[in-house]
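In what follows, a single structure is set out as structure tokens and then discussed.
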Amino acid sequence: MAHWTVINQTILNLHTPYNHVRTDYGYRFETDFGFIYDLTFIRYPTLSECPEYVLFMFNIEQVKKGKTSVDERIQLTIEHVLSLFFENNSDAVVVVMDSTDGKHLARKRLFDKWYHQTGKISIEKYEASCKTEEIEIITTLFVEKNNPFKNIILSDYYELVKINFYS
């Protein structure tokens, strides 16, 4: 019977986010394969500096490398943390992916896939890109569909795109 419980717990763990701890700017979690990730929400300055909402930049940083593997629980954990954010905030989140390491298009595809898989119809996604002489920047904005400041948020977002997100 104990063996069945262990197997059952393993199967259950495959479909749940990793345990994560709160940090000053977001969350941290460690995978079963030794990777440690920080998921941060940093206040991002807008041109209008509208006091009614805050634009946060969402960042995923690999703090410690582990054993390479396919790990769907990373996606589940990131989705869970973003869901927590929108449950507790009426603000917006922007993800900025630049080409400095050449992985920006892969990151965009990953965020696209995650967004479509979650089925979160209450969250809208907007995309834009811009270029400087050195880098290409791809951005994704996530905002609640019924956010009362959505028009201001979108205006600020597209103004940031015009100025290459201060790059």
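Measuring from label point to label point, each 7 Å out along Cα→Cβ, what is the ASN59 to SER83 span in nm?
Placing both labels 7 Å beyond Cα along the Cβ direction yields 2.6 nm.
Across every pair of different alpha-carbon atoms, what Kirkwood hydrodynamic radius in Å does the range 3-136 reach?
With all distinct Cα pairs of the range 3-136 included, I get 16.8 Å.
Among ILE163, ILE36, ILE74, which comes first, then next, by fewest other beta-carbon atoms within 10 Å? Don't skip to the end; give the middle numbers.
Numbers: ILE163 10, ILE36 14, ILE74 19.
Sorted ascending by nearby Cβ count, the order is ILE163, ILE36, ILE74.
Please state the equivalent ellipsoid semi-axes for the range 58-167: what are the square roots of 5 times the Cα gyration tensor eigenvalues, largest first, in whole Å?
Ellipsoid semi-axes (Å, largest first): 23, 21, 11.
Per the helix-only calculation at 222 nm, which mean residue ellipticity applies to the chain, given -39500 (n - 2.57) for every DSSP H run of n ≥ 4 and division by its residues, nearest 500 deg cm²/dmol? Please report the intermediate quantities before stating the final value.
Numbers: 4 runs with 57 residues, N = 167.
The helix-only estimate for the chain comes to -11000 deg cm²/dmol at 222 nm.
First select every other residue whose beta carbon is under 14 angstrom from the beta carbon of TYR53; then total the charges, Lys and Arg +1, Asp and Glu -1.
Counting the neighbours of TYR53, the net charge comes to -3.
Taking the 0 to 90 degree range and rounding to the nearest ten, how far is the long axis of helix 2-13 tilted relative to the main principal axis of the chain, both from C-alpha atoms?
Between the helix axis and the principal axis of the chain, the angle is about 10 degrees.
For the range 122-167, what log10 I(q)/I(0) values come out of the Debye formula at q = 0.21, 0.23, 0.28 1/Å, with one point per alpha carbon and no solvent?
Rounded to two decimals, the profile gives -0.69, -0.78, -1.00.
Looking only at the range 85-121, which residues have a backbone nitrogen under 18 Å from a spot 7 Å from the Cα of THR68 in the C-beta direction?
From the range 85-121, the list is 101-104, 106-107.
State the extension gain, in nm to one decimal, for the chain segment bounded by ILE135 and ILE36, taking 0.36 nm per residue of separation less the distance between their alpha-carbons.
Contour length minus Cα-Cα distance gives 32.9 nm.
Local charge sum around ASN164 (other residues, Cβ-Cβ under 12 Å, Lys/Arg +1, Asp/Glu -1)?
Counting the neighbours of ASN164, the net charge comes to -3.
Which ordering of ARG43, ARG28 is given by a fewest-first count of other beta-carbon atoms within 10 Å?
The order, fewest Cβ neighbours first, is ARG43, ARG28.
For PRO148, what charge total do you get from the other residues with a beta carbon under 15 Å from its beta carbon, if Lys and Arg give +1 and Asp and Glu give -1? List each step's numbers first, then the result.
Details: positive: LYS145, LYS150; negative: GLU52, ASP91, GLU124, GLU144, ASP156.
Local net charge: -3.
All of the numbers you see were taken from the coordinates with simple rules; none came from a lab. Just so it is clear, the structure is predicted and the values come from calculations on it, not from any experiment. Glycine gets a Cβ as well: all are built from the backbone with ideal geometry, and neighbour counts include every protein chain shown.
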